Amino acid sequence: MTSANLASLYETLVTYRKFEETIAAAVTSGEIHGEMHLGIGQEAIAVAMGLHLRPGDAVVSTHRPHLHALALGVDPVLMLAEILERDGLNRGKGGHMHLFDPVGFMCTGIVGAGAPLALGYALKQALDGAGGVTVAVVGDGAMNQGAVFESMNLAAVRRLPVVFLCEDNAYSISVRKQESTAGELARRGGAFGIPGSACDGTDIAALDGVLHDAFGRARTRRLPSLVVAHAYRFRGHYEGDLDLYRPAEEKEEAARSRDPVAIQRARAEESGIEPAILDEAAARAASTVADWFRAARELPAPRPADARSGVYAGA
């Protein structure tokens, strides 16, 4: 990667970090209500994924969806307005865990349920023949759900252009992966003939290489792949989680050695980029996010009269 690319990626990483941190502050202040799951510590996965997404691609995310939406190009102001319970992306009806955008993005809070939904996008892309790819994002806990295995099977049988992207942060809520999961996750697709790769999910360069192969396989050969990205979430499972199930020393070590923002900055500085340039990039990122929040807060609340619009029910 060139120095310009490294600086740009650093700015994107900081933007994603500031985005989630500002949401966290709004939860603490009471401006945002309800359960909130943030991707702080997992930003590099979304940034690297964004390097390979094109118009016509789709992403189906999880209960931790914001960064994946940004990577695909979902309007950040409208997404924030939705999270702030204003007339946003889904007219205030979706909220944090039910974001949807016709550009090709949706998420679900049901563990593992996004994988079969992703196959719908991938089937359409296969029928269109235009080279579109769908990313089915799952967590390490979802890799133990039958729906994910069923989706892998169908993706292999129908030759669907889907990348199963597992964000492995080593915990299913409060349960350590060693206590719930047997074997290597990257080998789980082998029975279906789906190649799997594992990589450091805090390192954009490592992610980029693995995702390049997976996206290429889906886009040019219309075949699925499995990518497992090892990362560490720096906050509890949700905002307000006391997070007493993870040892303090484990979290401290992760903060020292597994912060993707610090890793990217160190790599940029090693390439010869002046710290002042990176400081400017970080300042721009913070300003960008502040502008997004300001614009989202200016949007109106949904009208009560529209409560039933866009809602369908069978007779």
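The values are calculated or read from the model by the stated rules, or taken from the named source; none is laboratory data. Owing to the predicted nature of the structure, the values given are computational and were not obtained by experimental measurement. As a convention, Cβ positions derive from the backbone with ideal geometry for all residues, glycine included, and neighbour counts pool all protein chains shown. Please note that ligands, DNA and RNA were not included when accessible areas were found on the heavy atoms of the full protein model with its side chains. Shrake-Rupley method; radii C 1.70, N 1.55, O 1.52, S 1.80 Å.
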Of everything in the range 263-297 that's over 26 Å from the mean Cα position of the chain (by Cα) and of a type outside the set (G, A, S), which residue is most open to solvent (accessible area, probe 1.4 Å)?
-> E270
Do we have V148 as assigned to a helix (DSSP H, G or I) and either open to solvent by less than 40 Å² (accessible area, probe 1.4 Å) or in contact with a Phe, Trp or Tyr (Cβ under 6 Å, 6 or more places away or on another chain) (or both) here?
-> yes
Residue in the range 82-90 that is free of Cβ contacts under 8 Å to residues at least 40 places away in the same chain, surrounded by 24 or more Cβ atoms within 10 Å (Cβ to Cβ) and not in a loop (DSSP other than H, G, I, E, B) present | yes
Would you pick out the residues in the range 99-145 that are part of a helix (DSSP H, G or I), of a type in the set (G, A, S) and in contact (Cβ under 8 Å) with a residue 24 or more places away in the chain?
-> G114, A115, A118, A122, A126, A142
Kindly establish whether A182 is assigned to a loop (DSSP other than H, G, I, E, B), open to solvent by 30 Å² or more (accessible area, probe 1.4 Å) and small (G, A, S).
-> yes
Hey, G236 open to solvent by less than 40 Å² (accessible area, probe 1.4 Å) and in a loop (DSSP other than H, G, I, E, B) or not = yes
Report yes if some residue within the range 304-314 is aromatic (F, W, Y), modelled with pLDDT under 95 and either over 24 Å from the mean Cα position of the chain (by Cα) or outside any helix (DSSP H, G or I) (or both); otherwise report no.
-> yes
Restricting attention to the range 205-223, report how many residues are surrounded by fewer than 16 Cβ atoms within 10 Å (Cβ to Cβ) and either in contact with a His (Cβ under 9 Å, 6 or more places away or on another chain) or not in a helix (DSSP H, G or I) (or both).
-> 2
Please go through the range 23-38 and pick out each residue that is open to solvent by less than 60 Å² (accessible area, probe 1.4 Å), closer than 21 Å to E167 by Cβ and of a type outside the set (A, V, I, L, M, F, W, C).
-> H37
Matching entry among H68, H52, H63, H98 (being modelled with pLDDT under 95 and touching a strand residue (DSSP E or B) at 6+ places or on another chain (Cβ under 9 Å)) = H98
May I ask you to say which residue of G189, G201, G193 is crowded, with 19+ Cβ neighbours inside 10 Å, within 27 Å of K124 (Cα to Cα) and small (G, A, S)?
-> G189
Is there any pair linking a residue in the range 259-276 that is within 16 Å of E43 (Cα to Cα) to one that is among the aliphatic types (A, V, I, L, M) and in a loop (DSSP other than H, G, I, E, B), with Cβ under 8 Å and at least six apart or on different chains, and which?
-> P260/A231
Based on what the data block shows, is A136 hydrophobic (A, V, I, L, M, F, W, C) and more than 30 Å from E20 (Cα to Cα)?
-> no
